[in-house]
Amino acid sequence: MKKIKIKVPATVANLVCGFDILGMAIHEPYDEMELKLLDTPEIIIKHEDHFGLPEEPSQNVAGVVLQNIQQHLQLTKGFEVTIRKHIKPGSGLGSSAASAAGAAFGANVLLGNILSNEEMIHFAMFGEELASGVRHADNIAPCIYGGITLVKSSSPIDIIPLSTPDLFVVAVHPQVEVKTSDARQILKKNILLKDAVEQWGNIAGLVAGILKNDIPLIGRSLNDVIIEPVRSILIPKFDEIKMKSLEAGALGGGISGSGPSIFMLTEEKETAEKIAKLMKSVYDEIEIESFVYVSKINPAGIEIVEEGE
């Protein structure tokens, strides 16, 4: 029986101004997944965590990905998947994307690497659709490619891997829940042209800064005039954390995905650790439990831990 164990990283989507098109992989936290290729066509999902996620394949993010792969390739074989989630659902750190991308990646390895990266993303997006109602790839793409990715188009899939700046990422996850579907519903349906122009400039500046390794340009491009002003009201103490982080030396940052996690980028590890402490102290003061992660940008994405029969 072929089997594979993988580590699937958390991801930060949007990168402030790049709504639904920019994302990056980080090292912490990560999910652990084990996939086995079965001689029978059944799909078995097992969760070894305490989040209470459904194990019925059609209702499980990883399950629907595997069902679509199985149907498309007309497979007579099936899969057994064991998932140990450390990326909490609803955290804004790509929890559903990790399960979806991990399922597509693991299945592809078990089948002899017959799928391209774009095809894996195509199938993984069925999982994101189940989780949020939208087939988006901003978390899935960096999960599979690693580093920072630009989703030029989701249909047809056109992913542009960008450079990986030598920067630290600080992410705080306050233990409040913001559902992606809810965070999408509150967004404005129409925006002012002047706001759109400013946002386009920020996105272009951020991509240019990443490709040129121009750290100051990255910092001054991390500004969102469309999404953040609306979504930030769902996140306790967002404005205070952002202001204090910038004062402590952060290049910039904002909401991770749809929240409630908040991320900041820094050049120095010492600065990152200082910001991590102040983030936690802000939430401690209002008695909200929080988890803080400090890591560099993850250039590899999904990592194979073990592979064999």
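Note that the stretch 168-296 presents 49 Å² accessible area per residue, ligands and nucleic acids not counted, probe 1.4 Å. Stokes-Einstein diffusion for the stretch 168-296 at 10 °C, viscosity 1.306 mPa s, with a Kirkwood radius from C-alpha pairs, works out to 104 µm²/s. Ranking of 154, 99 by solvent-accessible surface, largest first: 154, 99 (1.4 Å probe, protein heavy atoms only, all chains present).
By a 1.4 Å probe calculation restricted to protein chains, residue 227 has an accessible surface near 20 Å², given to the nearest 10. Charge tally for residue 118 (other residues, Cβ to Cβ under 12 Å; Lys, Arg +1; Asp, Glu -1): -1.
Give me the percent of accessible area attributable to carbon and sulfur for the chain, probe 1.4 angstrom. Heavy-atom surface of the chain belonging to carbon and sulfur, 1.4 Å probe: 50 percent. Under the combined filter of DSSP loop state and at most 14 neighbouring Cβ atoms within 10 Å, the stretch 1-62 retains these chymotrypsin sites (Phe, Trp or Tyr not before Pro): 51.
Projected label points at residue 220 and residue 288, each 7 Å from Cα along the beta carbon direction, are separated by 3.2 nanometres. For the stretch 106-155 and the stretch 23-60, what is the separation of their Cα centres, given in Å? Cα centroid of the stretch 106-155 versus Cα centroid of the stretch 23-60: 15 Å apart. With K and R counted +1 and D and E -1, the other residues having a Cβ less than 11 Å from that of residue 49 yield a net charge of +1.
The values are calculated or read from the model by the stated rules, or taken from the named source; none is laboratory data. Just so it is clear, the structure is predicted and the values come from calculations on it, not from any experiment. For neighbour counting, all protein chains shown are included, and Cβ atoms are generated from backbone atoms with ideal geometry for every residue, glycine included. Just so you know, the surface numbers come from the protein's heavy atoms only, side chains and all, with ligands and any DNA or RNA stripped out. Shrake-Rupley method; radii C 1.70, N 1.55, O 1.52, S 1.80 Å.
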